[in-house]
Amino acid sequence: MTTTRRSVLTLRTLALAYVLGLVAVPILVILFRTFEPGLAVFIESIRTPAAIAALNLSVLIVAIVVPLNVVFGVITAIALARWRLPGKGLIQAVVDLPFAVSPIVVGVSLIMLWGASGWFGGLQSSTGIRVIFGLPGMVIATIFVTLPFVVREVEPVLHEIGTEQEQAAATLGASGWQTFWRITVPAIRWGLTYGVVLTVARALGEFGAVIMVSSGFPGVSQTLTLLVHSRYIDDHNTYGAYAAATLLMGLALGTLLLMTLLDRKRSPR
Amino acid sequence: MSTTTRPREDVVPTSSPPPQPAGSPPTREGGRPRPATGRAIGVGVVGLWLSLIVLLPLAALTVRSLDEGLSGFWDAVTAPVALAAIGTTLVVSAVVALLNAVMGTLVAWVLVRDEFPGKRWVNALIDLPFALPTIVASIVLLALYGPSSPVGLQLNATRWGLVVALAFVTLPFVVRSVQPVLLELDREVEEAAASLGASNGATFRRVVLPTLAPAVISGTGLAFARAVGEYGSVVLIGGNIPRETQVVSQYIQQQIEIDRPVNAAAVSVALLGISFLTLFLLRLWGSRAQRREERSS
């Protein structure tokens, strides 16, 4: 298209105004508000017992969710990429399902299944394990929303590398496990790492599904995202909410950076 | 990444496994029974895992939504406040989807065709909404558009607040689906159209837009699907005023809070239905467009 200087400038201004007004300026404002009273105030605000407990809980959930997603995600990816199964299309659809479900609906569904009056409600009365309003509920909610990531990052890699090397290894007498550890795992490691990073980011940031199944007591069952919410809504502590949000934002930006670096590593070799 | 993550290229997943070379798979009399049992266990594990985490909760939700019969379900979904929440959600999501279609395409265009200092940074900013937790998005937008706005722009507890929050979280969808198509777009065709006397508007409408349309529509559809179910980013800025700014997810959350689980489940099923319908139509349309393209080429 022949574009005049003026129309180019108009389009550029519009696009920049949109992106900056929507993303950059709000972030700069919150950073300014957070660090305006000084670094010491910020550090104090994110080192209160409730904040430290929230960070610990978030990290604990990530530490439980990631290994589970890695193990089951890799098995699912291998099943989808390598095995001849009936109803593969159905499995593909189920793996993608969590992307289409609202976080709140995830929470309600888990309450309907695991809650005191849910299908598995007997578990609580017989064993005393509280799923809903306990740590297991928050873990299950986080697994639900992060389930697709590892599968969706590993499966294409498995398709791409094909089966030749694995077959060669098998011909040379390697057992199934040896082939898996020596051939498959090295081949999928970057895809897998990328999937893990996506899982960590989402697990740290999940809010809607977790707030539905958490009892939300400060210092006990609050994750970082719940802390931001309760500081703003319950405590009317706007500064505290800004500070906690800035901490979360820092974690998210770190993850984004890691993703960009990894993306370079895993794409065309 | 809170979210539905990056725009997905695999809206129409093509999952045909490479054909297996003859003789390689363990045959029944091939004397390698272990992979077969291993596979059986593996399939069982996958089935159990997916059922326990995804299918059973959704099944429980659906069954519980019918606890008071079909009429109970219908009453729950058509309660005035519930209908108002569904209406608000659909209207605001449609506005946000259209906003994305126009502004997202424009941003992609500028990022591909224009050159200016700092372009790389702007490009990097696009991914930020997917990386930021939704509750952080809410707080971040409140800092600029909330009660203590430094520019006096107060959008909290208004529908415009909802639009801003949802536009923020859905920003990457259209931009990231249109960008690669624009990069591959042949400029010669545009130049040819121009040299044949087509005006800018005509070139855009007749040459550029048809090529971009599939990407724009798929990005817009995904943005709509995401907006419909969104909770975290609207929870602080939306105000949660019934019949005005309360969105469906907030209504559902409220029903759980006041101990009306059947209502919550019924409206949840309705919301699920809307999301699935959107994604289904999108997929249907995508595979149709693909077939048309294959036929024409």
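Check whether at least one residue in segment B:120-136 is farther than 30 Å from A:E36 by Cα, part of a helix (DSSP H, G or I) and either more than 9 Å from chain A (Cβ to nearest Cβ) or in contact with a strand residue (DSSP E or B) (Cβ under 6 Å, 6 or more places away or on another chain) (or both), and report yes or no.
No, segment B:120-136 contains no residue that is farther than 30 Å from A:E36 by Cα, part of a helix (DSSP H, G or I) and either more than 9 Å from chain A (Cβ to nearest Cβ) or in contact with a strand residue (DSSP E or B) (Cβ under 6 Å, 6 or more places away or on another chain) (or both).
State yes or no: is A:S175 small (G, A, S) and at pLDDT 90 or above?
no
Name the residue, out of B:G273, B:G232, B:G219, B:G238, that is closer than 30 Å to A:S117 by Cβ and in contact with a Phe, Trp or Tyr (Cβ under 9 Å, 6 or more places away or on another chain).
B:G232
Looking only at residues that are polar (S, T, N, Q) and touching a Phe, Trp or Tyr at 6+ places or on another chain (Cβ under 8 Å) in segment A:54-95, which one is surrounded by the most Cβ atoms within 10 Å (Cβ to Cβ)?
Among them, the one singled out is A:T76.
For residues in segment B:233-286 being at positive phi and surrounded by 16 or more Cβ atoms within 10 Å (Cβ to Cβ), which is farthest from the other protein chains (Cβ to nearest Cβ)?
Checking each candidate, the answer is B:G239.
The rows are residues; the columns are (1) of a type in the set (V, I, T); (2) more than 8 Å from chain B (Cβ to nearest Cβ); (3) within 29 Å of A:E166 (Cα to Cα).
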{"residue": "A:I52", "(1), (2), (3)": "yes, yes, no"}
{"residue": "A:V59", "(1), (2), (3)": "yes, yes, no"}
{"residue": "A:V70", "(1), (2), (3)": "yes, yes, yes"}
{"residue": "A:W83", "(1), (2), (3)": "no, no, yes"}
{"residue": "A:K88", "(1), (2), (3)": "no, no, yes"}
{"residue": "A:V94", "(1), (2), (3)": "yes, no, yes"}
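Considering only segment A:31-40, how many residues are of a type outside the set (D, E) and either in contact with a helix residue (DSSP H, G or I) (Cβ under 8 Å, 6 or more places away or on another chain) or part of a loop (DSSP other than H, G, I, E, B) (or both)?
Selection size over segment A:31-40: 6.
Only one of these is out of contact with any Phe, Trp or Tyr (no Cβ under 7 Å at 6 or more places or on another chain) and facing another protein chain (nearest Cβ under 7 Å): B:V174, B:V140. Name it.
Going through B:V174, B:V140 in turn, the sole match is B:V140.
Among the candidates A:L57, A:L9, A:L28, single out the residue that is modelled with pLDDT of 95 or more and in a helix (DSSP H, G or I).
A:L57
Output the number of residues of segment A:232-269 satisfying the condition of being within 11 Å of chain B (Cβ to nearest Cβ), touching a Phe, Trp or Tyr at 6+ places or on another chain (Cβ under 6 Å) and surrounded by fewer than 17 Cβ atoms within 10 Å (Cβ to Cβ).
Here the count works out to 0.
When you look at A:M138, is it assigned by TED's automatic domain parsing to the domain that holds A:N69, crowded, with 23+ Cβ neighbours inside 10 Å and without any contact (Cβ under 8 Å) to a residue 24 or more places away in the chain, yes or no?
no
So if I check each of A:T238, A:T260, A:T246, which one is under 30 Å from A:V157 (Cα atoms) and β-branched (V, I, T)?
A:T260
Just one of (1) in a helix (DSSP H, G or I); (2) within 10 Å of chain A (Cβ to nearest Cβ) trips up B:T211, so point out which.
Just one mismatch for B:T211, condition (2).
If a residue has to be crowded, with 23+ Cβ neighbours inside 10 Å and of a type in the set (A, V, I, L, M) to count, how many in segment B:83-109 make the cut?
6
Limited to segment A:44-54, what total is found for residues that are closer than 18 Å to A:A252 by Cα and in a helix (DSSP H, G or I)?
3
Out of curiosity, is B:V77 surrounded by 23 or more Cβ atoms within 10 Å (Cβ to Cβ) and in a helix (DSSP H, G or I)?
no
Of the numbered conditions (1) over 21 Å from the mean Cα position of the chain (by Cα); (2) among the hydroxyl-bearing types (S, T, Y); (3) at the interface with another protein chain (Cβ under 9 Å from one of its Cβ atoms), A:T179 satisfies every one except a single condition; which is it?
(3)
Given the conditions (1) within 30 Å of B:D186 (Cα to Cα); (2) assigned to a helix (DSSP H, G or I); (3) modelled with pLDDT under 95, and given that B:G44 satisfies all but one, which numbered condition is not satisfied?
Against the list (1) within 30 Å of B:D186 (Cα to Cα); (2) assigned to a helix (DSSP H, G or I); (3) modelled with pLDDT under 95, B:G44 comes up short only on (1).
Limited to segment A:1-35, what total is found for residues that are more than 7 Å from chain B (Cβ to nearest Cβ), in contact with a Phe, Trp or Tyr (Cβ under 7 Å, 6 or more places away or on another chain) and under 15 Å from B:L125 (Cβ atoms)?
Adding up the residues that qualify gives 0.
Please work out which one of (1) of a type in the set (S, T, N, Q); (2) under 24 Å from B:P57 (Cβ atoms); (3) in a helix (DSSP H, G or I); (4) facing chain B (nearest Cβ under 9 Å) is the condition A:Q124 fails and give its number.
Checking A:Q124 against (1) of a type in the set (S, T, N, Q); (2) under 24 Å from B:P57 (Cβ atoms); (3) in a helix (DSSP H, G or I); (4) facing chain B (nearest Cβ under 9 Å), the one that fails is (4).
Would you confirm whether or not segment B:214-222 contains a residue that is over 25 Å from B:G104 (Cα atoms) and in a helix (DSSP H, G or I)?
Checked against the condition, which is being over 25 Å from B:G104 (Cα atoms) and in a helix (DSSP H, G or I), segment B:214-222 yields no hits at all.
The values are calculated or read from the model by the stated rules, or taken from the named source; none is laboratory data. What you see is a predicted model, and the numbers here were worked out from it, not measured in a lab. Cβ: placed from backbone, ideal geometry, glycine included. Neighbour counts: every protein chain shown.
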